[in-house]
1. Could you name the lysines in cross-link range of Lys44, using Cα to Cα under 22 Å and dropping any fewer than eight places away on the same chain?
2. Roughly how far apart, in whole Å, are the Cα centres of the stretch 42-60 and the stretch 100-156?
3. Report, to two decimal places, the Cα Rg of the stretch 56-162 normalised by 2.2 N^0.38 Å (N = number of residues).
4. Excluding residues fewer than 8 places away in the same chain, name every one of the aspartates and glutamates whose C-alpha is closer than 13 Å to that of Lys156.
5. Just to check I understand the Karplus step: with θ = phi - 60° and J = 6.51 cos²θ - 1.76 cosθ + 1.60, what whole-Hz values come out for the stretch 36-43, glycine and proline as x?
6. Under unit Cβ charges (Lys, Arg +1; Asp, Glu -1), what dipole magnitude, rounded to 20 debye, does the chain have relative to its Cα centre?
7. May I ask you to derive the FRET efficiency for Ala80 and Leu51 from their Cβ-Cβ distance with R0 = 45 Å, giving the value to the nearest 0.05?
8. In nm, to one decimal, how far is the modelled label at Phe125 from the one at Glu62, with both set 7 Å along Cα→Cβ?
Amino acid sequence: MYSGKDIKEIRNKLGLEQTNFAEKLGTKVYTIRYWEQNPDAKIKEKYNSILKDLIESNTYNENEKKVEEDFYQKIKDNLARIPFLRDAVALYFATQDPAIPTIKKAVAYAALAYFIMPIDAIPDFIPITGFIDDAAMITGAIAALESMITQDHRDKAEEWLDNL
């Protein structure tokens, strides 16, 4: 269950004005103001699924943006150091495929965003072990999306890497 404090944090994280946020929740602006002014206020359960969807959508968008901005540089900087690179690039090409459902792309973007982050469970700058957690994330995403990642995605990855 969400509280007024959660509402303010969620709205700020989403970067929405109170009016836009109220519209997305299907409520009035004064309700949003009340919640935000009363951090202990309990939010009715009917808003839980909408709030969850807004949060998940925002996470997807953040991951997608991070991947689109930083993926190429991460690959280029680590060509010789990462044994699972071809899988990561094939996963990236799967995210570009309009035939892949958004929910599946969300899994791929989450794994790729984790891979791009230099500081994670095992920071990438640690010799030998730095990419173990990244490999686990990519391998997990590949396993989860195995039926979605086609030979075409793998061929594109191979060609793309050959041209770097």
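What follows draws every value from the coordinates through simple rules; no lab data is involved. Nothing here was measured: the structure is a model prediction, and the numbers come from that model. Using ideal geometry, Cβ is built from the backbone for each residue, glycine included, and neighbour counts are taken over all protein chains shown.
1. Cross-link targets: Lys5, Lys8, Lys13, Lys24, Lys28, Lys52.
2. 26 Å
3. Working: Rg = 12.9 Å, N = 107, 2.2 N^0.38 = 13.0 Å.
Normalised Cα radius of gyration, the stretch 56-162: 0.99.
4. Asp87, Asp97
5. Values per residue, Gly and Pro as x: 5, 7, 10, x, 8, 4, 8, 8 Hz.
6. On the way: 21 positive and 27 negative charges, 174 e Å.
The calculation lands at about 840 debye.
7. Values: r = 45 Å, r/R0 = 0.99.
Step by step, r from the Cβ atoms, then E = 0.50.
8. Rounded to a tenth, the inter-label distance reads 2.3 nm.
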